[in-house]
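The values are calculated or read from the model by the stated rules, or taken from the named source; none is laboratory data. Not measured: the values here are computed from a predicted model. FYI the Cβ positions are ideal-geometry reconstructions off the backbone, even for glycines, and counts take in every protein chain you see.
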2 protein chains.
Amino acid sequence: MTQHKTITAAILVIGDEILSGRTKDQNIGYIAEYMTRIGVELREVRVVPDVEEEIVAALNALRARFTYVFTTGGIGPTHDDITAQCVAKAFGVSIDVDERAVEALLTRMKREDLNEMRLRMCRIPAGASLIDNPVSAAPGFRLGNVFVMAGVPRIMHAMLDNVAPTLETGVKIISETVEAGLPEGAYAGGLKEIAERYSELSIGSYPSFGTQGVKNQIVLRGKDLALLAQGRAEVEALIARLEAERAAK
Amino acid sequence: MTQHKTITAAILVIGDEILSGRTKDQNIGYIAEYMTRIGVELREVRVVPDVEEEIVAALNALRARFTYVFTTGGIGPTHDDITAQCVAKAFGVSIDVDERAVEALLTRMKREDLNEMRLRMCRIPAGASLIDNPVSAAPGFRLGNVFVMAGVPRIMHAMLDNVAPTLETGVKIISETVEAGLPEGAYAGGLKEIAERYSELSIGSYPSFGTQGVKNQIVLRGKDLALLAQGRAEVEALIARLEAERAAK
């Protein structure tokens, strides 16, 4: 692995319930934080409905652009669970009941309970490897650079833990936060000037309008710890100077 | 407005901080629920980084497909706030300091404090109308079918309240929820059969794996109240029958 190798990812959230607002997504933030922690850069997220052509189009757009794609949702036994067949279609491969998935389900239920709809959960695209589901047995799968996971957060977390050690990772992006008790407009000019000089760092300003007045955060992100420390020191000096000026007024 | 007019929308969330996991998005779920309530169908969500070509490409893809596009984030005074210029670029129009936006800011600050970076918040694409920001004065704007709003939830909520009465809306989608104390695989076959007969309804099953055992929800969504009530009664009968069968075992 070279020092500057960049591994990228996208998330595809599949489900009408997120778009209707009925279910509030908890997976995007979880996966985002996880990826940052292990050194994978999340570059895009899409949420699409349970509609085959939408899922296939989004999958093909994302898997062509990023190192990895993580999907959540749509792998249960009901008629609205169509993710597996969409992945097969996107890759142009066949899909059929997979004996490994049947075995996994049989650890939790009797063979006579493995009805037609439950067998849907065992339909895995040709060439995919399974992702173990310790919560409810029905597996996710990996095909190419696409990881198909459950939408239920508890199951998704377990699947991601199983998947993470298999991922290639890049240099971790570290972030440093400087608190600023000044309005953004007061430091935006100085911050822009620092951001221009530290073009290898990504520097963002995140305002917060609370009842306690202005409590903004300036976040510096980068891969080079020394550069990050230097940039942070400059931002701290900027804020200290502006705060002193304001106090002297 | 005809009975079956469908008004659609997409959300474009702009911001590195969401993709890094540093900030957990709270806007998608809020807008989704709001749209459902007023009769607008949210069809897609994308999250992209603070990168001009990504924002422009996503905007152009979404505004061509949906009645409305709502963006959140990237309209503050700092160098990483580039949404306004990206919208101008996507529409191929010029962008300049807008006197209406300057006036709005001057209600909150003295003219001498309106520095170069704060004036960035007054740069509005040609032809746009402003969206009032009662929280921190810096306005959002509407250009064509795109509504540009702040990323800070409190400000976005106020902007959406200002925007909502101007939107064309369709027939509201109503949802009905049936609780099912059975595993999905037990009712998936019967539910599929109902879903096929009620093709005008969207029927989904949402599992939950808690410490209290299975507590699934079957959600029926549609625009025709009578049909919805009929579908709901069929689902309830299915679940009651299966629960009785299970109890008799």
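Taking the options A:Leu182, A:Leu201, name whichever one is under 30 Å from B:Ala150 (Cα atoms), modelled with pLDDT under 95 and either in contact with a helix residue (DSSP H, G or I) (Cβ under 6 Å, 6 or more places away or on another chain) or in the same structural domain as A:Val97 (by TED's automatic domain parsing) (or both). Break it down into steps so the answer makes sense when it comes.
Values: A:Leu201 fails: modelled with pLDDT under 95.
Answer to the selection: A:Leu182.
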Subject >> Counted residues, the stretch B:1-26 - those being under 20 Å from A:Gly15 (Cβ atoms), within 11 Å of chain A (Cβ to nearest Cβ) and either out of contact with any strand residue (DSSP E or B) (no Cβ under 9 Å at 6 or more places or on another chain) or among the polar types (S, T, N, Q) (or both) >> reply: 3
Subject >> Residues satisfying the stated conditions in the stretch A:97-145, i.e. among the aliphatic types (A, V, I, L, M), at pLDDT below 95 and within 17 Å of A:His157 (Cβ to Cβ) >> reply: A:Val135, A:Ala137, A:Ala138
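In the set B:Tyr68, B:Tyr34, which member is of a type in the set (Phe, Trp, Tyr), under 21 Å from A:Ile28 (Cβ atoms) and touching a residue at least 40 places away in the same chain (Cβ under 8 Å)? Full working, then the answer.
Numbers: B:Tyr68 fails: under 21 Å from A:Ile28 (Cβ atoms).
Answer to the selection: B:Tyr34.
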Subject >> Within the stretch A:211-237, tally of residues that are farther than 17 Å from A:Ser199 by Cβ and touching a helix residue (DSSP H, G or I) at 6+ places or on another chain (Cβ under 9 Å) >> reply: 2
Subject >> Checklist (1) without any contact (Cβ under 8 Å) to a residue 12 or more places away in the chain; (2) within 24 Å of B:Ile31 (Cβ to Cβ); (3) hydrophobic (A, V, I, L, M, F, W, C) applied to A:Leu12, failing item >> reply: (1)
Original post:
Residues of the stretch B:134-162 being assigned to a loop (DSSP other than H, G, I, E, B) and either of a type in the set (D, E, K, R) or under 16 Å from B:Thr67 (Cβ atoms) (or both), which ones?
Top reply: B:Gly144, B:Asn145
Original post:
Being surrounded by 19 or more Cβ atoms within 10 Å (Cβ to Cβ), at the interface with chain B (Cβ under 8 Å from one of its Cβ atoms), in a loop (DSSP other than H, G, I, E, B) and of a type in the set (A, V, I, L, M, F, W, C), is that true of even one residue in the stretch A:178-199?
Top reply: no
Subject >> Criterion violated by B:Ser20 - all others in (1) under 20 Å from the mean Cα position of the chain (by Cα); (2) over 17 Å from B:Arg142 (Cβ atoms) satisfied >> reply: (1)
**OP:** Among the candidates A:Thr169, A:Thr107, single out the residue that is among the hydroxyl-bearing types (Ser, Thr, Tyr) and under 20 Å from A:Met35 (Cβ atoms).
**Re:** A:Thr169
**OP:** Determine if the stretch A:204-214 includes at least one residue that is outside the structural domain of A:Gly39 (by TED's automatic domain parsing), in contact (Cβ under 8 Å) with a residue 24 or more places away in the chain and within 21 Å of the chain's Cα centre (by Cα).
**Re:** no
Original post:
Say we look at the stretch B:201-214 and pick out the residues that are in contact with a strand residue (DSSP E or B) (Cβ under 6 Å, 6 or more places away or on another chain) and of a type outside the set (S, T, N, Q); which of these is surrounded by the fewest Cβ atoms within 10 Å (Cβ to Cβ)?
Top reply: B:Pro207
**OP:** Filter the strands (runs of 3 or more DSSP E) completely within the stretch B:28-133 down to those with at least 1 residues that are within 14 Å of chain A (Cβ to nearest Cβ) and surrounded by 14 or more Cβ atoms within 10 Å (Cβ to Cβ).
**Re:** B:41-48, B:68-72, B:123-125
Subject >> Condition broken by B:Val45, with the remaining ones in (1) touching a strand residue (DSSP E or B) at 6+ places or on another chain (Cβ under 6 Å); (2) in contact (Cβ under 8 Å) with a residue 40 or more places away in the chain satisfied >> reply: (2)
**OP:** Could you tell me which numbered condition A:Met149 fails, if it satisfies all but one of (1) touching a residue at least 40 places away in the same chain (Cβ under 8 Å); (2) out of contact with any Ser or Thr (no Cβ under 7 Å at 6 or more places or on another chain)?
**Re:** (2)
